[in-house]
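One structure is given below, encoded as structure tokens.
The values are calculated or read from the model by the stated rules, or taken from the named source; none is laboratory data. Please read these numbers as outputs of a predicted model, since none were measured by experiment. For neighbour counting, all protein chains shown are included, and Cβ atoms are generated from backbone atoms with ideal geometry for every residue, glycine included. Note: areas computed on protein heavy atoms with side chains; ligands, DNA, RNA excluded. Shrake-Rupley method; radii C 1.70, N 1.55, O 1.52, S 1.80 Å.
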Amino acid sequence: MLLKCENLKVYFPVYGGKIFTRKIGDVKAVDGVTLEIEKGTTLGLVGESGCGKTTLGKTILGLQRPTSGTIYYEGKPLIYDAHERKKNGLDPKEGKVLRRKIQTAFQDPSRSLNPRMSIGDAVAEGLDIHKLGATREEREERVVELLRLVGLDPDARKRFPSEFSAGQRQRVAIARHLAPGPEFLVLDEPVSALDVSVQGKILELLKDLQQKLGLTYLFISHDLAVVKKIANTVAVMYLGKLVEEGPAAKIYESPMHPYTKALLAAVPIPDPRRARERQDIQISEEIPSSENIPSGCRFHPRCPIAETPLCQEQEPILEEKAEGQLAACHLVKNNES
Amino acid sequence: MSLLEIKDLVVSAIKNKEEKVDILKGVTFSLEKREVLGIVGESGSGKTMTALSIMGLLPERVYVTSGNILFSGQDLITAKESDMQKIRGKKISMIFQDPQSSLNPVMSVGNQMLEMFNTLLPDFGGKRKKQIIEILRKMGIPDPERRYNSFPHELSGGMNQRVMIGMMLIKKPKILIADEPTTALDVTIEKRILTRLKELVGELGISLVLITHNLGLVAEHCDRVVVMNEGQIVEAGDVFQIFEAPSHPYTRKLLDEVPKI
């Protein structure tokens with residue numbers, strides 16, 4: 001397996017107090033997440049806004065320091081900082097190699113591109129940082145190759161981001177992140193800002209690139225329909241914890257956790273008859289704050305089936321309920337036993 | 001007679017002295033009473049421009065070149081600005097994608113609702129606050145007494161959008177145009193908000209125009225659909241007809257592209 005998070009926690013301190021400022025609590029953005037991603041596959045991470053999915057992605061990218069827990073990449077702890085690496089007995093120079101291997105792509109391509117930099121230069125920037133293009137010709141050649149790879153005309157490399165459509169800009173952003181030759185990409189809502197037709201094309205491109213280059217993706221999105229198109233495994237996150245995880249086909253066909261069921265039931269179906277006949281699962285829209293997480297099962301105040309005192313008192317653990325499918329719920333029966 | 005009739009509407013943007021570009025190229029549709037009409041199309045198809053021309057809020061350098069917009073028989077294009085002000089907001093209202101930018105950031109949501117109440121009718125006897133809290137409660141906002149004094153930044157996007165819809169309850173317009181009202185929100189909240197909007201249609205007998213790029217939402221909530229592409233209506237009809245037997249290739253293309261669960 002390529003990447004593994006072990007009991008990862010990311011807390012943000014909250015300061016307050018009447019006279020003296022002191023720490024009064026934590027926002028538990030990520031509260032003990034354990035997950036594994038196999039090489040060459042896509043893990044779809046879904047959840048509502050504020051559930052901590054972006055924080056998890058940022059922590060993997062090294063943009064956020066974990067409070068506790070470890071991330072392993074190819075079996076070794078994932079630490080970027082040279083000093084930190086030294087402390088942990090790792091080769092300090094390897095940190096930059098990891099930066100090259102793990103790249104990202106964000107939601108809004110127009111904000112991640114410099115409007116005053118031609119797209120060719122934007123793509124080449126990664127090569128310069130990692131000193132990959134030795135000569136000018138080599139650099140140029142690589143830029144042309146990358147632009148072709150993402151389906152853009154290499155002759156357009158002298159043009160500026162404003163001359164491109166949103167979909168094309170996202171292609172430029174992807175080419176830019178592919179420049180240093182990554183193995184692992186954290187894709188944070190890469191298609192949410194795009195039209196449906198363009199969405200489909202970018203997803204196709206991502207799948208295509210995965211096959212050609214053997215990439216591994218962590219695909220973060222709030223849109224279950226989009227995740228279904230690309231993910232091999234799906235992890236559902238709620239208030240900093242995973243509540244369900246399993247092969248994509250199983251999650252969509254037979255979801256177990258009531259939260260996953262509610263999320264799936266809320267996705268609009270483009271079929272007026274089926275949409276009107278569909279049974280509605282109502283969950284309250286109020287998401288508890290991650291500063292003040294409910295006791296017991298953190299989903300119980302919104303859960304349509306939580307009735308037992310067990311739900312309010314004891315936190316369920318994420319365990320295998322059916323073959324390959326994990327859920328954190330007291331009320332989901334274990335299929336094997 | 002339909003409540004709102006748009007006939008052959010052409011809207012153009014002036015690029016420079018000689019050139020102008022047609023944004024809407026002859027749009028014709030009508031809206032009946034108590035109807036939920038969906039307008040779908042990709043970005044740049046002219047859905048929002050159609051809505052803005054109805055409201056008489058077209059941006060600078062964009063003009064209605066020809067066509068009519070008839071609202072209960074009155075042509076809104078030739079109407080005087082003073083007449084438009086009586087219609088805009090009171091008879092035809094609009095809510096936008098981003099509620100945060102429609103609300104005043106330095107005024108509590110309760111006061112904003114109160115302000116609007118007072119522009120319609122002066123307050124007699126100071127019962128307004130209670131009424132507003134009742135509306136907030138009806139919109140499903142928890143702890144409405146406290147939320148009355150909250151500022152927009154203290155509320156989530158979904159709650160702000162519900163405040164906007166709550167304002168519509170005060171205004172009681174004949175037509176409500178909702179331009180991508182839930183695009184920035186989570187699916188669970190999206191569903192709740194649209195259900196609330198539809199309840200309004202039933203309760204107040206208003207007509208709702210739902211502008212969206214999401215065909216799934218149209219299928220779930222609309223009675224009739226207008227499909228737009230490049231400033232033109234390519235297909236219009238009953239929701240079942242459009243989804244089950246689309247006749248235009250563009251509609252079919254849109255339907256094929258929708259990611260399905």
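Annotations for the structure displayed:
- 0 to 90° range, to nearest 10: angle between helix A:196-213 axis and chain A longest Cα axis: 70 degrees
- FRET efficiency for the pair A:Glu84 and A:Asn7, taken as 1/(1 + (r/R0)^6) with r the Cβ-Cβ distance and R0 = 25 Å, rounds to 0.85.
- Label-reachable residues, segment B:1-43, where backbone N falls under 18 Å from a point 7 Å from B:Arg61's Cα toward its Cβ: B:11-24
- Centre separation in Å (Cα based) which lies between segment B:172-250 and segment B:148-167: 23 Å
- Highest-MSF residue in chain B out of B:Leu31, B:Leu194, B:Leu57 [GNM, Cα springs under 10 Å]: B:Leu57
- Take each residue in B:188-197, count the other chain C-beta atoms within 10 Å of its C-beta, and the mean is 4.
- Put simply, the Cα atoms of segment B:30-160 extend 49, 37, 31 Å along their principal axes, the longest span coming first.
- Dimensionless Rg ratio for chain A, taking C-alpha atoms and the 2.2 N^0.38 Å reference: 1.08
- Extending 7 Å from Cα along the Cβ direction at A:Ser284 and again at B:Ser247 yields two label points whose distance is 5.0 nm.
- Judged by the ratio a/c of the largest to the smallest principal axis of the C-alpha gyration tensor, segment B:168-217 counts as prolate, that ratio being 1.5 or greater while a/b is larger than b/c.
- Each of A:Glu307 and B:Leu204 was given a label point 7 Å from its Cα along the Cα-to-Cβ line. The distance between the two points is 3.9 nm.
- When its C-alpha radius of gyration is set against 2.2 N^0.38 Å (N residues), the protein assembly as shown gives a value of 1.05.
- When chain A is treated as a Gaussian network with alpha carbon springs shorter than 10 Å, the biggest mean-square fluctuation among A:Gln312, A:Gln170, A:Gln103 belongs to A:Gln312.
- log10 of Debye I(q)/I(0), alpha-carbon scatterers only, for segment A:138-210 at 0.22 Å⁻¹: -1.05
- Probe 1.4 Å - accessible area at A:Lys250, Å² to nearest ten: 70 Å²
- Listed by chain and number, the aspartates and glutamates placed with their C-alpha closer than 17 angstrom to that of A:Lys229 are A:Asp188, A:Glu189, A:Asp195, A:Glu204, A:Asp208, A:Glu245, A:Glu253, B:Asp256, B:Glu257; residues fewer than eight positions away on the same chain are left out.
- A Förster radius of 30 Å combined with the Cβ-Cβ distance from B:Ile77 to B:Asp98 puts the calculated FRET efficiency at roughly 0.60.
- Value of Rg to Rh for segment B:4-256 (Rh from inverse mean 1/r over Cα pairs, i.e. Kirkwood): 0.98
- Inter-site label distance for A:His130 and A:Arg100 at 7 Å from Cα along Cβ, in nm: 0.6 nm
- Average beta carbon contacts from partner chains per residue of B:215-221, 10 Å cutoff: 6
- Neighbourhood net charge (15 Å Cβ-Cβ; Lys/Arg +1, Asp/Glu -1) for B:Lys90: +3
- Surface listing: A:Glu6, B:Glu244, B:Glu257, B:Glu35 arranged by accessible area from highest to lowest gives B:Glu244, A:Glu6, B:Glu257, B:Glu35, probe 1.4 Å.
- Set of lysines with alpha-carbon distance to B:Lys174 below 24 Å, sequence-local pairs under 8 removed: B:Lys7, B:Lys33, B:Lys47, B:Lys80, B:Lys86, B:Lys90, B:Lys91, B:Lys138, B:Lys191, B:Lys198
- B:Glu203 accessible area, 1.4 Å probe, all protein chains in place, Å² to nearest 10: 100 Å²
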